[in-house]
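Read the structure below first, then the notes.
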Amino acid sequence: MILKSTAIRLAASVIVPRIYREQKDGVQLQRETFHNLVQEADHTIFGRQHNFNSIATYGDFVRAIPIRDYEEIKDYIEQIAEGKPDVLWKGKPLYFCKSSGTTSGTKYIPLTKESIAEQIRAARNSLMCYVHETGKADFFNHKMIFLQGSPELDTHGVIPSGRLSGIVYHHVPAWLTKNRMPSYQTNCIDDWEDKVASLAKETLQERMSLISGIPPWVVMYFERLQELSGKEFIKDIFPDFNVFAYGGVNYEPYRSRLEQLIGKKIASVETYPASEGFIAYQDSQKTNGLLLNLNAGIFYEFVKPDDLGKPDAQRIMLQDVEVGVNYALVISTNAGLWAYSIGDTVKFVSKKPYRIVVT
């Protein structure tokens, strides 16, 4: 076990400096990502319809491809569901990621072999940044629990589909699977109350060191652990618990309750994974903001929220963003999303490196 934490510290010492070098070259990296995406998809149905083979500059791209939301790509999604290849991206996606929309009902976002690999890499990088900054890697020696959706998949048309966290379950790297909890059977329980009860029973006697999940889910899990154990604090149930990783919702409304349940302050690592791509992650315990994931097959554009929906909306590239200004996030990805508005707004708190907060 000591060998594992030592190996992870060594890996972090290589991976994290590379991440910060990429940040210094972020503008050039985004240019390369833009050109690579367009080139890879020029033979697709979408690429042919939008003359990708004639796009040489960002200006060409803006003129050829308007900003879209899910309703405006739904016809392409249904073509993919019917089994048609090379629609938005080369070949067929591995999955559809089911995401709830406020106006569109259930959205089916493509996940390709390229984009799912970037989801896993970004999650790894968030923990590597923590290890590199703090020197702490012993939590890899014990058990880790990921509170997530069911890994059981259904289909939309001919494409396997599921929630992002459930899909990711099938792609956890081998070096983590021996430490991972809960069991597959518990993870597949649909009813959340029953699932939390099973999670608590299954982990109560384990040496949990990292706990990851959406904060309200984790609150329910901790409360059930208290009931089962009769102990007041989670720190007394899991003495090795030192890292809390979370994403999906704002942590602040839950912070005081979680710290009350745990019985102490605890290091936390925030992530910003979305069905459309892994956008950012916390890289430091000392500074505010999440590091924008620049080398992940995602090309970013930024639009002032009041301009979103206007045909002449100014679309801003990374080099032209301003600190402290609110932007709607628009992305093009290696899953075949093109100038896609994901419905979130962000604000830059730093450009050296590029850090954002979700607003």
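Brief remarks follow.
- In the set Tyr95, Tyr58, Tyr130, Tyr70, only one residue is at pLDDT 95 or above and either open to solvent by 60 Å² or more (accessible area, probe 1.4 Å) or in contact with a helix residue (DSSP H, G or I) (Cβ under 6 Å, 6 or more places away or on another chain) (or both); that residue is Tyr95.
- In this structure, Ile45 qualifies as of a type outside the set (S, T, N, Q), within 25 Å of His156 (Cα to Cα) and open to solvent by less than 70 Å² (accessible area, probe 1.4 Å).
- Evaluation of Tyr254 against (1) within 26 Å of Thr345 (Cβ to Cβ); (2) in contact (Cβ under 8 Å) with a residue 40 or more places away in the chain; (3) out of contact with any Asp or Glu (no Cβ under 8 Å at 6 or more places or on another chain) (one fails), failing number: (2)
- Thr186 vs. criteria part of a strand (DSSP E or B) and either crowded, with 20+ Cβ neighbours inside 10 Å or among the β-branched types (Val, Ile, Thr) (or both): no
- Pick from the range 229-247, criterion assigned to a loop (DSSP other than H, G, I, E, B) and touching a strand residue (DSSP E or B) at 6+ places or on another chain (Cβ under 7 Å), ranking: surrounded by the fewest Cβ atoms within 10 Å (Cβ to Cβ): Asp240
- Evaluated against (1) closer than 30 Å to Ile279 by Cα; (2) modelled with pLDDT of 95 or more, Glu252 falls short on exactly one condition, (2).
- Within the set Leu210, Leu261, Leu199, the sole residue that is closer than 29 Å to Asp154 by Cβ, of a type outside the set (Phe, Trp, Tyr), touching a residue at least 40 places away in the same chain (Cβ under 8 Å) and open to solvent by less than 10 Å² (accessible area, probe 1.4 Å) turns out to be Leu199.
- Each residue in the range 248-258 was checked for being hydrophobic (A, V, I, L, M, F, W, C) and open to solvent by 70 Å² or more (accessible area, probe 1.4 Å), and 0 of them qualify.
- Answer from Pro305, Pro311, Pro253, Pro239 - the residue that is in contact with a helix residue (DSSP H, G or I) (Cβ under 9 Å, 6 or more places away or on another chain) and not aliphatic (A, V, I, L, M): Pro253
- Residue that is farthest from Asn326 (Cα to Cα), among those in the range 274-298 that are out of contact with any Ser or Thr (no Cβ under 7 Å at 6 or more places or on another chain) and of a type in the set (Val, Ile, Thr): Thr287
- Residue match in the range 174-183 (condition: surrounded by fewer than 16 Cβ atoms within 10 Å (Cβ to Cβ), touching a residue at least 24 places away in the same chain (Cβ under 8 Å) and part of a loop (DSSP other than H, G, I, E, B)): no
- Evaluation of Phe302 against (1) of a type outside the set (D, E, K, R); (2) in contact (Cβ under 8 Å) with a residue 60 or more places away in the chain; (3) surrounded by 20 or more Cβ atoms within 10 Å (Cβ to Cβ) (one fails), failing number: (2)
- Scanning the range 81-92 for residues that are open to solvent by less than 70 Å² (accessible area, probe 1.4 Å), in a loop (DSSP other than H, G, I, E, B) and not acidic (Asp, Glu) yields Gly83, Pro85, Val87, Leu88, Trp89, Gly91.
- When residues of the range 264-290 are limited to those that are open to solvent by 10 Å² or more (accessible area, probe 1.4 Å) and acidic (Asp, Glu), the one farthest from Leu164 (Cα to Cα): Glu270
- Tally of residues being open to solvent by less than 50 Å² (accessible area, probe 1.4 Å), modelled with pLDDT under 95 and hydrophobic (A, V, I, L, M, F, W, C) across the range 305-330: 1
- Test: residue in the range 217-228 that is open to solvent by 30 Å² or more (accessible area, probe 1.4 Å) and modelled with pLDDT under 95: yes
Per-residue answers, yes or no, for (1) open to solvent by 40 Å² or more (accessible area, probe 1.4 Å); (2) in contact with a Pro (Cβ under 8 Å, 6 or more places away or on another chain); (3) part of a helix (DSSP H, G or I):
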| residue | (1), (2), (3) |
| --- | --- |
| Gln79 | yes, no, yes |
| Ile109 | no, no, no |
| Ile116 | no, no, yes |
| Thr155 | yes, no, no |
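The values are calculated or read from the model by the stated rules, or taken from the named source; none is laboratory data. Only a predicted model underlies this, so the values are computations on that prediction, with no experimental measurement involved. Heads up, the Cβs are rebuilt from the backbone with ideal geometry, glycines too, and the neighbour counts pull from every protein chain shown. The area values use the complete protein model at the heavy-atom level, side chains included, leaving out ligands, DNA and RNA. Shrake-Rupley method; radii C 1.70, N 1.55, O 1.52, S 1.80 Å.
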